[in-house]
Amino acid sequence: MSKPKILIADDIKQNVKLLRVILSASEYDVVEAYDGEEALSKAKTEHPDLILLDIMMPRMTGYEVCQKLRADETTRNIPIVMITALHEMDDRIKGIEAGADDFISKPFNKAELLARVKALLRMRPVKEKPEKRDETTVLESILSGLKEGIIVTDGQWKITNINQTACELLHLQEADMKNADLLPHLSRMKLSLPVEAITNTQEKITDFQIADSNAEGLPGINARMTKIFDAQGAVVGITFTLKK
């Protein structure tokens, strides 16, 4: 029986070397790539059983590589674990929306890494069935377990995901909010910034406060808005993280 083949894509050679040592010692074959374009090429020619994909790479980011792999019939079912030093929720949401199956944070924990690799390889026969991956279900499952309120919209402020915590903080009905326009709801709230400033800003991250209308005189809700831009600078998605 052939060993499972794992493609490691990371522009930092020390990271690749460390992962190769860990995986080779556990009887995995390893293929290396040092930028996004090389990762995409080797995924198509080497037919790996799993890909460890760094997010921040030259020539093509891990997000872009992941999207292209999911769009190609020959690579769409390969499990992808994104390697990241990023801990912001919106970065992980962006990875999930690009098609990632799991995440591993730097610095690596050997036991955690091997456990995630083993679990995804064990699940791979199910993923190879010609069924569309349900990224929405994966994302909703992750959001529902968070203590923070999370709202995700597309570039036109249409809500694509909202968890129960966000609805409770803003006194909204979760069932009525999916696919709703978020802007009218923001306009009715007492915000520390004008709505126009929030909608028109070209900053990636904007922090502001929302007054709790049901708790006069008490501290409000701290909100962080993160806008996701495409290569042309257009807004393609927005996330809100809400905390008391």
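Every number here is computed from the coordinates shown, using simple stated rules; none is lab data. What you see is a predicted model; the values in this text were computed from it and never measured. Please note: Cβ atoms are built from the backbone with ideal geometry, for glycine as well, and neighbour counts cover all protein chains shown.
Of note:
- With θ taken as phi - 60° and the Karplus curve 6.51 cos²θ - 1.76 cosθ + 1.60 applied, the whole-hertz 3J(HN,Hα) list for region 94-108 is 4, x, 5, 5, 6, x, 5, 8, 6, 9, 9, 9, 7, x, 6 Hz, x standing for glycine and proline.
- Estimated Rh, the chain: Kirkwood, alpha-carbon pairs, angstrom: 19.6
- Relative to the current alpha-carbon distance between Leu183 and Lys147, full extension at 0.36 nm per residue lengthens the span by 10.6 nm.
- Using θ = phi - 60° in the Karplus curve 6.51 cos²θ - 1.76 cosθ + 1.60, the 3J(HN,Hα) couplings for region 157-173 round to 6, 7, 6, 9, 8, 8, 8, 5, 4, 5, 5, 5, 5, 9, 6, 10, 9 Hz; x is entered for Gly and Pro.
- With the helix formula -39500 (n - 2.57) applied to DSSP H stretches of n ≥ 4, the chain reaches a computed 222 nm mean residue ellipticity of -11000 deg cm²/dmol.
- Phi-based couplings in Hz for region 194-202 (Karplus 6.51, -1.76, 1.60; Gly and Pro marked x): x, 4, 4, 5, 5, 6, 8, 4, 9
- Lysines with Cα under 17 Å of Lys44, excluding same-chain neighbours fewer than 8 positions away: Lys5, Lys68
- With a Förster radius of 51 Å applied to the C-beta separation of Ala211 and Ala119, the computed FRET efficiency comes to 0.70.
- Distant-in-sequence amide H partners of Val30 (H built 1.01 Å from N, under 5 Å): Ile6
- Placed amide H near Met60: partners under 5 Å, 5+ positions off or other chain: Gly36, Glu37
- Length gained when the stretch Met56-Lys244 is fully extended (0.36 nm per residue, less Cα-Cα span): 64.5 nm
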